[in-house]
Amino acid sequence: MRWIKPNLRNSLHDLLGRDKPSSTAWVRHPGMEDIRRAMLQSLAGITGCEVARMNMRLRYAADIEALWYLRSDLFSMLVPLRGEPAAQRVMDEVTLLFQGQLPRAPRPALAHHIRP
């Protein structure tokens, strides 16, 4: 009857998704990791609690759309830390990486710059 009782280790693995099939998001969006890397790189050399939180959000974004919508939060974080011109340059570079990667709905905003 041991197999019926929940095991703490198995429960933790289930919680962390270790026993689940790995995501195939990278197959559908081969440029996703390049985008994620560029967004994370924009935070390099900056410290702080909010930066760490953004870093985690970027690292664990599940799909390309999640990264797309994190751009505005990243921009808002970079403006006070690096200045608006530098933050806008980062956004322009990151936005270019999304071309051809997004489903139809978010695509029209590609031409627009992020301005809070």
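All of the numbers you see were taken from the coordinates with simple rules; none came from a lab. It should be emphasised that the depicted structure is a prediction, and the values quoted were computed from it without experimental measurement. As a convention, Cβ positions derive from the backbone with ideal geometry for all residues, glycine included, and neighbour counts pool all protein chains shown.
From Cα pairs below 8 angstrom and at least 6 apart in sequence, can you work out the relative contact order of the range 30-111, rounded to a whole percent?
On the way: 48 pairs, mean separation 29.4, N = 82.
About 36 percent, as a whole number.
Spelling out what I want: for every residue of the range 94-101, take phi, set θ = phi - 60°, compute 6.51 cos²θ - 1.76 cosθ + 1.60 (Karplus), and round to whole Hz; glycine and proline get x.
5, 4, 4, 5, 7, 4, x, 9
Compute the length gained on full extension between ALA52 and GLU84: take 0.36 nm times their separation in residues and subtract their Cα-Cα distance, giving the result in nm to one decimal.
On the way: separation 32, 0.36 × 32 = 11.52 nm, distance 2.04 nm.
My answer for the length gained is 9.5 nm.
Highest mean first, how do 43-53, 84-94, 67-77 rank when packing is the count of other Cβ atoms within 10 Å averaged over residues?
Values: 43-53: 12.1, 84-94: 15.8, 67-77: 18.0.
Descending mean neighbour count gives 67-77, 84-94, 43-53.
Fully extended, how many nm does the chain gain between SER72 and GLN41 (0.36 nm per residue separation, minus their Cα-Cα distance)? Could you put the intermediate results ahead of the total?
On the way: separation 31, 0.36 × 31 = 11.16 nm, distance 1.58 nm.
In short, 9.6 nm is gained.
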